[in-house]
1. Take the Cβ-Cβ distance between M36 and H145 as r, set R0 to 45 Å, and report the resulting FRET efficiency rounded to the nearest 0.05.
2. Could you run the Karplus curve 6.51 cos²θ - 1.76 cosθ + 1.60 with θ = phi - 60° over the stretch 161-169 and give me ³J(HN,Hα) per residue in whole Hz, x for Gly and Pro?
3. Could you sort the peptides 205-211, 40-46 by per-residue average Cβ neighbour count (10 Å cutoff), highest mean leading?
4. Over the stretch 150-195, what is the relative contact order in whole percent, taking alpha-carbon pairs under 8 Å and six or more residues apart?
5. Can you give the accessible area of L58, probe radius 1.4 Å, in Å² rounded to 10?
6. As a test question: what accessible area, to the nearest 10 Å², does M61 have when a 1.4 Å probe is rolled over all protein chains in place?
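The values are calculated or read from the model by the stated rules, or taken from the named source; none is laboratory data. Keep in mind the model is a prediction, meaning the values are calculated, not measured. Cβ placement follows ideal geometry from the backbone for every residue including glycine, while neighbour counts extend to all protein chains displayed. What goes into the accessible areas is simple: the full protein's heavy atoms, side chains included, and nothing from ligands, DNA or RNA. Shrake-Rupley method; radii C 1.70, N 1.55, O 1.52, S 1.80 Å.
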Amino acid sequence: MMTFSDIFKKSFLEEAGSLTANHVILSMLSAFLCGMIVYTVYRNFYKGVLYNNNFNILLVMTSLVTCFMVIVITSNVVLSLGMVGALSIVRFRSAVKDPLDVGFLFWTVAIGVTCGAGLYLISIMGTAFIAFIYILLVKVRNCRHQYLLIVKYHNSAAEAVQNELSALKKVLKNKTAGKNSTEVTYEIRLSGEDTSFITALSTVEGVSNAVLVEFSGDYFE
């Protein structure tokens, strides 16, 4: 006669017996492959201020670790409950500075979940589709370049400077006025690579310097 302990082991603990080495290997390899796709996309199409290779490596690790966790959770109910309890006390202190980085993290978590559940084809197809959409959006965004224009000029040259900048779509970001000089910072957007206006601006009588810096912030309307 089976005891309660035997029934418990048969119902829960022996579920891990259905887990095969092929499933584990295929799941981890699929997660690694999809993680490397994310790694390549992030490395070649990252448009933030400073590329962080450690964060990119973390993306690959997140897909693998999540896959490993899902394999354990789906194979044994008891272990899954223990893992959930252990993860509930974990606290992450590192702040994600770029909102896009959060999207990449969720992307790799989704890869780990689908690969760990054995949905290899869905994981690969989903990863390829998201990568295509992201690259497409980045390419469309790069059709227009955004810059910060910093101009320092004598107060007597204010009208001449405004005439040179009249053809540009610009937003005033900062203005510093001195006794005899003024420094202004504009956010401008250009459709092409033509920045010849900066040369013409620097030749205006009264302009001491003009600096153009690429800006990676959000575009204004």
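1. For M36 and H145, the calculated efficiency is 0.90.
2. Karplus values, whole Hz, x for Gly and Pro: 5, 5, 5, 5, 9, 4, 7, 9, 7.
3. Ranking the peptides 205-211, 40-46 by packing returns 40-46, 205-211.
4. Answer for the stretch 150-195 is 44 percent.
5. In the full protein context, L58 sits at about 80 Å².
6. 100
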